[in-house]
Amino acid sequence: MTVPVPRVRVLLLLLAALLLAVLPVSEAWARGGGPQGTPPGLARAADHEVWMLDQGTDLIHVLDSRDGLDIERAVTIDLRADNLRGAGFEVPTGVTTVVPHMIEFDSQHRYAFVAATAGRSTIVIDAQAKEVVAVLETGPASHMAAVTPDDSAVWVAVIGSGELVEIPLDLDAEEPDFAIGRTVDVREVLEPFAEERGWAFPGFQPVCHQFTPDSREAWVTLGPGWDTGGLFVLDLATAEVTAAWDPEVVRANCGVGVNREGTRVVANWSGQVGAGEDTEGEWYVFNARTRQLLRTESSRGFDAHGVRFTPDGRHLWAVNRISDDGLVIDARSFRVIEELDHVGDTPDILDFSPDGARVYVTQRGPVPRSGGVHAAAGDAPGIAVLDAATREVLEVITPDPVWSSDRALLNDVHGVGVRPVSGDEPSRRPSTHALDRRPSMVDLEVADLGPSLSCKVVAAG
């Protein structure tokens, strides 16, 4: 005889079976693991790509969190000069290596803008297709290409010419066009402002910049040397200087960041840099509206470099490249809440996963293409992945090694950018600029790479 089972009991049995089925997966996620062999500690971050700029090889490796940031599954974008010319792009005459230095995306992460110092160019990449769409000759030592929050323009800090170069944008157009717009000579606009106040700036080369949330102003650091720093504010509509500080007081030559509310700005100075002569750097906090310098603090390490606000705006991370350490700073009180003894090997630029759970910090190579050997030479070029909560280094992701004919390791990872991806975007896209990434020996001497940009390079916040 069949005894009917009450419906509630059936539901309870089904629920129990479901719990047993998912328990192993739940335990794996609780331990920090995830599907498809995701390394422990890397599974909780929201879906995103990590764009690793290897300026020593002219390659960008795009790692996908959905692939566990597996370098073997990365899409590689080949920015070598001959490859760009072969694809029909105009690369400045005489350029043999481009040195992709820093990267930023528009607010919707449709395009990537890469400042290429040796290439004297800004390279525009379709971020989903992973394909180059434009190469613009913005000038020698094009150091940083930053996008305004309203996506109306990219402004490029060009160290070699001492200019800020505009690339107007209309990314909602059916076929966006990329061309150079206005050019602002920094000496021309800043020197009269300084002379009226009795200041003498040691140089007028723009290094890094960030914008107020309304896209009206840019805060710009000068440099790149430790003794050539300074800071000024540029009105983007009029191209006039609206504020600056005595360069003997504010020596900022590295990074700059604006908080989400647009009320506070942080900039930093590397400190004196030289073998046996290194001194601690400084970081400065400003009231963005009154222009008041609120704080001047020690970086508590040598060669203060990358600075960036966390995605939730609660903290600011800052790293010191020579001493391999850093700080976590409260973004309201601007007090140091934790000193980081080890952030990575030659930590340079940093960025966060969209949910702020992971920190990606670039590490430099033994043949640095910028920054000088003393400050920037590292042993493990790649990206250190840190747990933002525990501050622990979870792993170091390294590209396949590329060697010169005299056995010098050419990889030199400098820039990094994080791009959120939606669930329906393919995890990999074919690229006409993809390169076979197997370890290789290239017929290239280190001296053939062209001049190294001896500068303090840093990510803006």
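Per-structure values
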item	result
Flag if R182 is free of Cβ contacts under 8 Å to residues at least 60 places away in the same chain, of a type in the set (K, R) and over 16 Å from V147 (Cα atoms)	no
Residues (acidic (D, E) and either touching a residue at least 60 places away in the same chain (Cβ under 8 Å) or assigned to a strand (DSSP E or B) (or both)) located in the stretch 224-248	D235, E240
Search result, residues across the stretch 61-117 that are within 18 Å of the chain's Cα centre (by Cα), among the acidic types (D, E) and assigned to a strand (DSSP E or B)	D64, E104
Condition met for D325 (exposed (fewer than 15 other Cβ atoms within 10 Å of the Cβ) and over 29 Å from A243 (Cα atoms))	no
Yes/no for P168 being closer than 17 Å to F211 by Cβ, without any contact (Cβ under 8 Å) to a residue 40 or more places away in the chain and not acidic (D, E)	yes
V285 being more than 23 Å from V393 (Cα to Cα), modelled with pLDDT of 95 or more and of a type in the set (A, V, I, L, M, F, W, C)	yes
Residue that is surrounded by the most Cβ atoms within 10 Å (Cβ to Cβ), among those in the stretch 180-223 that are assigned to a loop (DSSP other than H, G, I, E, B) and among the polar types (S, T, N, Q)	Q205
Exclusive hit being more than 24 Å from D185 (Cα to Cα) and of a type in the set (K, R), set R251, R308	R308
Selected residue [within 12 Å of Q210 (Cβ to Cβ) and in contact (Cβ under 8 Å) with a residue 12 or more places away in the chain] from V265, V273	V265
T57 vs. criteria surrounded by 21 or more Cβ atoms within 10 Å (Cβ to Cβ), out of contact with any Asp or Glu (no Cβ under 7 Å at 6 or more places or on another chain), of a type in the set (S, T, Y) and assigned to a strand (DSSP E or B)	no
Filtered residues of the stretch 76-108 (kept if over 18 Å from V62 (Cβ atoms), surrounded by fewer than 20 Cβ atoms within 10 Å (Cβ to Cβ), of a type outside the set (D, E) and out of contact with any helix residue (DSSP H, G or I) (no Cβ under 7 Å at 6 or more places or on another chain))	R85, G86, G88, F89, P92, T93, G94, S107
Condition met for I337 (of a type outside the set (K, R), touching a His at 6+ places or on another chain (Cβ under 9 Å) and surrounded by fewer than 20 Cβ atoms within 10 Å (Cβ to Cβ))	yes
Matching entry among D379, D351, D341 (being closer than 13 Å to N411 by Cβ and of a type outside the set (S, T, Y))	D379
Odd one out for D345, checked against (1) under 27 Å from D47 (Cα atoms); (2) part of a strand (DSSP E or B)	(2)
Qualifying positions in the stretch 280-313 - outside any strand (DSSP E or B), surrounded by fewer than 15 Cβ atoms within 10 Å (Cβ to Cβ), at negative phi and not acidic (D, E)	R289, T290, Q292
Cβ pairs under 8 Å, 6+ apart, first in the stretch 146-163 and closer than 18 Å to V256 by Cβ, second part of a loop (DSSP other than H, G, I, E, B) and among the charged types (D, E, K, R)	V147/D106; P149/D214
Out of R260, R251, sole residue that is in contact (Cβ under 8 Å) with a residue 12 or more places away in the chain, in a loop (DSSP other than H, G, I, E, B) and buried (at least 24 other Cβ atoms within 10 Å of the Cβ)	R251
Residue that is surrounded by the most Cβ atoms within 10 Å (Cβ to Cβ), among those in the stretch 263-279 that are touching an Asp or Glu at 6+ places or on another chain (Cβ under 8 Å) and part of a strand (DSSP E or B)	N268
Evaluation of V154 against (1) crowded, with 21+ Cβ neighbours inside 10 Å; (2) more than 22 Å from T212 (Cα to Cα) (one fails), failing number	(2)
Members of the stretch 120-137 found to be of a type in the set (G, A, S), closer than 18 Å to P92 by Cα and surrounded by fewer than 23 Cβ atoms within 10 Å (Cβ to Cβ), listed by number	A134
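The values are calculated or read from the model by the stated rules, or taken from the named source; none is laboratory data. Just so it is clear, the structure is predicted and the values come from calculations on it, not from any experiment. Because the Cβ atoms are built from the backbone with ideal geometry, glycine has one as well, and the counts that use them run over all protein chains shown.
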